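Okay, so here's the structure we're looking at.
The values are calculated or read from the model by the stated rules, or taken from the named source; none is laboratory data. Owing to the predicted nature of the structure, the values given are computational and were not obtained by experimental measurement. Methodologically, a virtual Cβ is constructed for each residue, glycine included, from the backbone with ideal geometry; neighbour enumeration extends over all protein chains shown. Note: areas computed on protein heavy atoms with side chains; ligands, DNA, RNA excluded. Shrake-Rupley method; radii C 1.70, N 1.55, O 1.52, S 1.80 Å.
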Amino acid sequence: QVQLVESGGGLVQAGGSLRLSCAVSESILSLNVMGWYRQAPGKQRELVAIISSGGTTNYADYVKGRFTISRDNAKNTMHLQMNNLTPEDTGVYYCNARRIVTPYWGQGTQVTVSS
């Protein structure tokens, strides 16, 4: 069972930055795809960004140019650098990983952006 633990959330003013981290309980080299999702109050969970084992990235349109996803294979961690945050970015951010077809989720970390 792969365990994912997010950290780095918090309260920030609009225009500010946060860096989220996802610590994985085992080697991430065995994980096909890793990503970040978020869920705002009263809304469905949505994709933010994903990164493949080879380092290929993909972003939701609403974060392109502002967020950067990365992975550190040596430290078994994944990060999400979030810049120029807006109140619309508020929500719980979840780390996700997939091994072949099996998905794994973290517990989430709260990000709140004040206007």
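V48 passes every criterion in (1) part of a strand (DSSP E or B); (2) open to solvent by 30 Å² or more (accessible area, probe 1.4 Å) apart from (2).
Can you work out which of the residues in region 89-115 that are at pLDDT below 95 and of a type in the set (D, E, K, R) is most open to solvent (accessible area, probe 1.4 Å)? Step by step, filter region 89-115, then rank; the result is R98. Residues that are touching a Leu at 6+ places or on another chain (Cβ under 9 Å) number at least 3 in the following strands (runs of 3 or more DSSP E) confined to region 73-115: 77-82, 91-99, 109-114.
What about T86, is it among the hydroxyl-bearing types (S, T, Y) and open to solvent by 60 Å² or more (accessible area, probe 1.4 Å)? For T86, the condition - among the hydroxyl-bearing types (S, T, Y) and open to solvent by 60 Å² or more (accessible area, probe 1.4 Å) - is not met.
Which of the residues that make up region 1-30 are among the hydroxyl-bearing types (S, T, Y) and either under 23 Å from T90 (Cβ atoms) or part of a loop (DSSP other than H, G, I, E, B) (or both)? Once the filter is applied, which keeps residues that are among the hydroxyl-bearing types (S, T, Y) and either under 23 Å from T90 (Cβ atoms) or part of a loop (DSSP other than H, G, I, E, B) (or both), region 1-30 yields S7, S17, S21, S25, S27. Please work out if S70 is open to solvent by less than 60 Å² (accessible area, probe 1.4 Å), polar (S, T, N, Q) and touching a residue at least 12 places away in the same chain (Cβ under 8 Å). Yes, satisfied. Within region 51-64, the set of residues being surrounded by fewer than 17 Cβ atoms within 10 Å (Cβ to Cβ) and part of a helix (DSSP H, G or I) comprises D61, Y62.
V33 passes every criterion in (1) among the hydrophobic types (A, V, I, L, M, F, W, C); (2) under 16 Å from S7 (Cβ atoms); (3) open to solvent by 20 Å² or more (accessible area, probe 1.4 Å) apart from (2).
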